[in-house]
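Only one structure is covered here, and it is reproduced in the block below.
The values are calculated or read from the model by the stated rules, or taken from the named source; none is laboratory data. Bear in mind the structure is a predicted one, so any value in this text is a computation, not a measurement. Ideal geometry is used to build each Cβ from the backbone, glycine not excepted, and the neighbour counts take in all protein chains shown. To get the accessible areas, we keep the full protein, side chains included, count just its heavy atoms, and leave off ligands, DNA and RNA. Shrake-Rupley method; radii C 1.70, N 1.55, O 1.52, S 1.80 Å.
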Amino acid sequence: MDIDHKDMVAKLAKPGADIAAQLSAESAHALHMAVGVSGEVAELLTAVVNDDRDNCLEELGDIEFYFEGLCQGANALIVHEVIDPSTLTADPLTDVLIQAGNMLDIAKKIAVYNDRSKWPELTVEMQRFRNAIDKFYAAAEFTHAEALAANINKLGKRYQDFNYSDAAAKARADKADGE
C-alpha cells in the first residue's frame, strides 16, 4: 500500500472522543497516575542532571504521590525491597525511567484500548517500578520516608486542609515563597 506516514497516522489514531466515551473511572485514574509518574520521573532526571538534590527530593515525593495513587486505584499491595547499596551495579535511574515507561504503556492499553485484561500485568510492572525506585533511593542516599515527608509538606502548603481543587493546583501556593 502506498501511503505516507502523516496520512497513516490520521487514519489510525483513535479519536479522542472515542477514548473518552469508553473510559471508566478506574482506567482514567490509572492513566492519570501513570502519566503523573512518568512526568515526575522526567523531572527527576532533570534534577539529577542538574545535580539539584533539593529538587530530586521534591520530585521523588511527587513520584511517590502518583505511584501511591496508582497502587490505590489498582488495589495493589506493592512491597519495598531491602536494598544493600553496595550491591548496586546497574544505573538505578535508568531502571526507574524504563519501569515508569512500562507502567504508562500498560495504563494506556487499559484506558485507550479498553483492555481490562492488562490489570495484572500493570501490577507486575508496579512492583518492578517499586524495586527500581527503592534502588534509586539507596544509590542516591535518600530515604522513602524523606520523600513522603517532603511531599506532605509541599502539598500541605498547596492544598488547604489537603482538599483538592483545580484552583489550588493552578495557584501552586507552595511555589509562592520561592521554593
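What to note about this one:
- Test result for Ile110, farther than 19 Å from Gly36 by Cβ and either of a type in the set (Val, Ile, Thr) or modelled with pLDDT of 95 or more (or both): no
- Taking the criterion of being more than 17 Å from Tyr137 (Cβ to Cβ) and either open to solvent by 50 Å² or more (accessible area, probe 1.4 Å) or in contact with a Gly (Cβ under 6 Å, 6 or more places away or on another chain) (or both), the residues of segment 52-84 that qualify are Gln72, Asn75, Leu77.
- Thr94 being out of contact with any strand residue (DSSP E or B) (no Cβ under 7 Å at 6 or more places or on another chain), more than 14 Å from Leu122 (Cβ to Cβ), open to solvent by 60 Å² or more (accessible area, probe 1.4 Å) and assigned to a helix (DSSP H, G or I): no
- Checking each residue in segment 138-151 for being hydrophobic (A, V, I, L, M, F, W, C) and out of contact with any Pro (no Cβ under 7 Å at 6 or more places or on another chain) picks out Ala140, Phe142, Ala145, Ala147, Leu148, Ala149, Ala150.
- Hey, Ser27 hydroxyl-bearing (Ser, Thr, Tyr), more than 20 Å from Pro92 (Cβ to Cβ) and in contact with a helix residue (DSSP H, G or I) (Cβ under 9 Å, 6 or more places away or on another chain) or not: yes
- Taking segment 1-44 as the range and being of a type in the set (S, T, N, Q) and under 19 Å from the mean Cα position of the chain (by Cα) as the test, the residues that pass are Ser27, Ser38.
- Condition met for Lys154 (out of contact with any Pro (no Cβ under 7 Å at 6 or more places or on another chain), under 16 Å from Leu57 (Cα atoms), open to solvent by less than 60 Å² (accessible area, probe 1.4 Å) and of a type in the set (Lys, Arg)): yes
- Looking only at segment 150-179, residues that are among the small types (Gly, Ala, Ser) and under 18 Å from the mean Cα position of the chain (by Cα) come to 2 in all.
- A Cβ distance below 7 Å, combined with a sequence gap of six or more or placement on separate chains, defines the contacts here; from segment 60-83, residues that are more than 25 Å from Val48 (Cα to Cα) reach residues that are open to solvent by 30 Å² or more (accessible area, probe 1.4 Å) in the pairs Gly73/Glu26; Gly73/His29; Ala74/Trp119; Ala74/Thr123; Ala76/Thr123; Ile78/Gln127.
- Unmet requirement for Ile110, which otherwise passes all of (1) open to solvent by 50 Å² or more (accessible area, probe 1.4 Å); (2) in contact with a Lys or Arg (Cβ under 7 Å, 6 or more places away or on another chain); (3) among the aliphatic types (A, V, I, L, M): (1)
- Pairing each residue of segment 15-40 that is assigned to a helix (DSSP H, G or I) with any residue that is among the basic types (Lys, Arg) and open to solvent by 70 Å² or more (accessible area, probe 1.4 Å), provided the two are 6+ apart or on different chains, yields C-beta distances under 9 Å for Glu26/Arg116; Ser27/Arg116.
- Candidates in segment 160-176 are the residues that are in contact (Cβ under 8 Å) with a residue 12 or more places away in the chain and either in contact with a Leu (Cβ under 7 Å, 6 or more places away or on another chain) or not aliphatic (A, V, I, L, M) (or both); of these, the one that is most open to solvent (accessible area, probe 1.4 Å) is Arg172.
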